[in-house]
Amino acid sequence: MSDFISIEAIAKRYPTRGGGTTTIFENLWLSMGRGEFGCIIGHSGCGKTTILNVLAGLDRPDDGTVIVDGEAIDGTSLDRAVIFQSHALFPWRTVLGNVAFAVSSKWPKWNAAKVKAHARGFIDLVGLSGAEAKHPSELSGGMKQRVGIARALSISPKILLMDEPFSALDALTRGTLQDEVRRICLETGQTTFMITHDVDEAIYLADRIFLMTNGPGAVLAEVVENPLPKDRVRTDLHRHPLYYATRNHILDFLVTRSKTFTAAANGHDPRNVPVVRPGIGEPTLVALAPAITDDIARPAGITGRHS
Amino acid sequence: MSGSLTLRAAIVSVALFAVLLLGWHLATRGSGAAAGMDPEYAKLMGATATQGKSAMPGPLEIGAKLWEHLSRPFYDNGPNDKGLGIQLAYSIGRVLLGYLIAVVVAIPLGFLIGMSPLMHKALDPYIQILKPISPLAWMPLALYTIKDSSVSAIFVIFICAIWPMLINTAFGVASVRREWINVARTLEVGTLRRAFTVILPAAAPTILTGMRISIGIAWLVIVAAEMLVGGTGIGYFVWNEWNNLSITNVIIAILLIGLVGMVFDQLLARVARLVTFPE
């Protein structure tokens with residue numbers, strides 16, 4: 001596979017009060033292909049957001065490089081758009097103004113009419129036609145995040161980066177927005193990298209799911225290939241025979257293995273992280289630890305969210 | 001409940017005003033002619049002694065004098081006898097000039113301090129030392145170097161108006177939300193465009209608060225400054241009328257100073273409302 005995004009041996013360390021350093025992660029390798037949807041899952045403090053910020057260019061790694069489309073990245077770029085967890089809209093601008101700000105940043109030579117027409121197209125795409133003149137304070141949380149998505153997509157980025165974009169939304173709104181994002185990403189072949197806490201969200205949206213152990217000293221332990229078909233539907237997800245195998249595998253990791261995973265004991269090679277494709281016959285209910293059985297016993301549809 | 005809150009508040013306000021006027025009137029009215037006073041002596045002493053009249057003017061006298069001033073606001077009978085309109089215009093002119101110069105200096109400097117941690121650290125000691133100095137303490141230095149009393153007054157206004165604006169601008173600029181800055185960074189927005197399209201609107205409410213504090217202080221200080229430099233202005237008028245022992249005119253000047261200060265504040269409050277955004 002040709003690597004469109006290649007994260008090579010990056011590290012992030014912070015100085016501690018005593019004069020030492022805390023290593024959030026080091027020697028981390030991760031790659032993604034063009035048009036792929038990647039999701040990173042791990043507990044708080046494992047450095048997921050740092051990885052995303054490094055990809056966005058908002059943060060610099062202490063070691064290593066990130067190569068996107070054959071070029072090492074240096075700082076932020078209009079090729080990489082970010083959808084922020086808190087939507088980060090400018091409250092003094094209208095919906096149209098917020099999207100137009102991004103458009104005119106990407107194409108400074110365009111005249112106002114062209115910028116507006118382009119921005120309107122993306123407002124339509126996220127289903128907000130008619131709300132162009134509203135200010136963010138007049139919008140619901142879901143609508144604000146739609147504007148955030150429109151703003152990110154409007155600059156036609158090579159990579160879309162999402163930092164827990166739906167975590168602040170209620171379950172119903174989250175569902176519809178997940179549908180929208182999946183539809184748009186499939187239609188446009190958008191390469192997307194997303195952080196989430198929500199296992200179901202990852203299974204629905206991602207082609208590959210990156211599992212990270214707990215920080216500090218977090219490692220990318222495993223890459224899970226999503227065995228579900230491309231034409232999966234959110235509401236029918238739990239009926240697919242491989243859904244529970246995948247979900248249990250990820251939950252098992254989050255609940256137990258993310259704590260106990262030690263790179264040395266497993267002979268873990270950070271450059272060649274094992275790729276797992278859950279199938280029938282993989283861990284079944286019988287084999288699960290008691291802690292997880294509680295989780296599984298809940299009715300299907302309730303997601304196992306870990307924060 | 002009877003009537004809206006606004007209406008009831010207005011009734012209380014008017015009632016308080018009426019009580020105040022009545023109390024004032026009763027306290028300053030004469031207590032009747034003094035009996036058995038030698039007419040020669042009474043003539044010498046005036047109404048204060050003969051009628052028991054207070055030297056403090058009552059509301060009716062103030063009203064009459066105020067009417068007189070309002071009907072002739074712009075007369076000019078020489079250096080010590082000018083209409084109140086002219087005196088106020090001098091003061092307002094000085095305040096606006098000193099204030100505008102302060103705006104022009106404070107806002108760009110505040111941007112610099114707010115955007116650059118280096119400049120913040122480097123300039124902080126100067127600000128901390130200069131800020132608490134009473135603006136009037138600058139007056140002798142200003143008079144000595146500028147050699148013009150009117151320009152010195154404007155300088156004093158400038159030096160007192162600059163600090164709240166400078167500090168608020170720096171604070172507003174430095175505390176623009178990280179996420180908005182990150183949006184601008186991911187969109188590769190240049191420094192100048194970022195300053196005008198992201199930081200300025202985000203910091204505008206804080207900057208306007210500083211501007212509002214500054215105009216209030218400037219208007220407070222002009223009265224004192226004009227008492228010192230003399231010649232023209234509402235502050236000089238107050239001091240001149242004190243020397244004339246015209247308490248009536250002093251009270252009228254006090255009322256007008258309050259009124260003009262309120263207008264300044266309300267104007268800036270209106271501008272502040274324009275740039276404030278709901279979250």
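Structure above, values below:
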item	result
Cα lying deepest toward the dipole's positive end in the stretch B:91-226, options B:Ala106, B:Val176, B:Val95, charges on Cβ	B:Val176
Backbone HN-Hα couplings from phi across the stretch A:24-36 [Karplus 6.51/-1.76/1.60, Hz, Gly and Pro as x]	6, 7, 8, 6, 9, 10, 7, 9, 9, x, 5, x, 8
Over the stretch B:91-226, relative contact order from alpha-carbon pairs under 8 Å, at least 6 apart, %	38 percent
Largest-first ordering by accessible area, 1.4 Å probe, given options B:Leu5, B:Leu66	B:Leu5, B:Leu66
Shape of the stretch A:56-124, Cα gyration tensor, a/c cut at 1.5	prolate
Whole-number D in µm² s⁻¹ for the protein assembly as shown, Kirkwood Cα-pair radius fed into Stokes-Einstein, 20 °C, 1.002 mPa s	71 µm²/s
Rounded, prolate or oblate (a/c below 1.5 giving rounded, otherwise prolate when a/b exceeds b/c) for chain A by Cα gyration tensor	oblate
Within the stretch A:90-209: Cβ-based charge dipole about Cα centre, in debye rounded to nearest 20 (Lys, Arg +1; Asp, Glu -1)	760 debye
Contact order relative to length of the stretch A:9-51, as percent, for alpha carbon pairs under 8 angstrom and 6 or more apart	33 percent
Protein heavy-atom accessible area occluded, B/A pair - total, 1.4 Å probe, Å²	1800 Å²
Net charge of Cβ neighbours under 13 Å - reference A:Pro270; Lys, Arg +1; Asp, Glu -1	-4
CD proxy at 222 nm, helix term only [per DSSP H run n ≥ 4: -39500 (n - 2.57); per residue of the protein assembly as shown; nearest 500]	-17000 deg cm²/dmol
Part-to-part distance (alpha-carbon centres) for the stretch A:113-144 and the stretch B:246-271, which is given in Å	47 Å
Magnitude of the charge dipole, the stretch A:143-288, Cβ model with Lys/Arg +1 and Asp/Glu -1, debye to 20	200 debye
Solvent-accessible surface (1.4 angstrom probe) belonging to B:Leu109, in square angstrom, nearest 10	60 Å²
Taking chain A and dividing mean pair separation by its residue count, relative contact order in percent (alpha carbons under 8 Å, at least six apart)	22 percent
Coordinate range along principal axes, alpha carbons of the stretch B:91-226, Å, largest first	53, 29, 19
Accessible area of A:Val181 in the full protein assembly, 1.4 Å probe (Å², nearest 10)	10 Å²
Computed accessible area, B:Met115, all protein chains, 1.4 angstrom probe, square angstrom	80 Å²
Anchor A:Lys134: lysines whose Cα lies under 24 Å away (excluding residues fewer than 8 positions away in-chain)	A:Lys106, A:Lys114, A:Lys116, A:Lys144
Signed unit charges on C-beta, dipole axis of the protein assembly as shown, positive-most listed residue A:Ala11, A:Ala152, A:Ala131	A:Ala131
Computed magnitude of the charge dipole of the protein assembly as shown (debye, nearest 20; Cβ of K, R +1, Cβ of D, E -1)	740 debye
Whole-Hz couplings from phi, Karplus 6.51/-1.76/1.60, listed for the stretch B:235-243; x for Gly and Pro	x, 5, 4, 4, 5, 5, 6, 5, 5
Net charge of neighbours whose Cβ lies under 12 Å from the Cβ of B:Lys65, counting Lys and Arg as +1 and Asp and Glu as -1	-2
Between the stretch A:38-75 and the stretch A:184-236, the Cα center-to-center distance that results, in Å	16 Å
Formal net charge of residues neighbouring A:Ile195 (Cβ-Cβ distance under 11 Å; K, R +1; D, E -1)	-3
Amide H within-cut-off set for A:Glu222, under 5 Å, with H built and near neighbours excluded	A:Leu211
Among B:Leu220, B:Met165, B:Ser71 - extreme Cα towards positive end, dipole of the protein assembly as shown, charges at beta-carbon	B:Ser71
Inter-probe distance in nm under a simple model that places probes 7 Å from Cα toward Cβ, at A:Leu172 and B:Arg273	3.7 nm
Solvent-accessible surface ranking, highest first, for B:Met227, B:Met139 at 1.4 angstrom	B:Met227, B:Met139
By accessible area with a 1.4 Å probe, ligands and nucleic acids excluded, highest first: order of A:Thr65, A:Thr22, A:Thr188	A:Thr188, A:Thr65, A:Thr22
Where trypsin sites (Lys or Arg not before Pro) fall in DSSP loop in the stretch A:13-61, at most 13 other Cβ within 10 Å	A:Arg17
Separation in nanometres of the label points that stand 7 Å from Cα toward Cβ, at B:Val12 and B:Ser116	5.2 nm
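The values are calculated or read from the model by the stated rules, or taken from the named source; none is laboratory data. Just so you know, these numbers come straight off a predicted model, no measurement behind them. In this analysis, Cβ positions are derived from the backbone assuming ideal geometry, glycine residues included, and neighbour counts consider all displayed protein chains. For the accessible areas, the whole protein counts, side chains as well, though only heavy atoms, and no ligand, DNA or RNA atoms are used. Shrake-Rupley method; radii C 1.70, N 1.55, O 1.52, S 1.80 Å.
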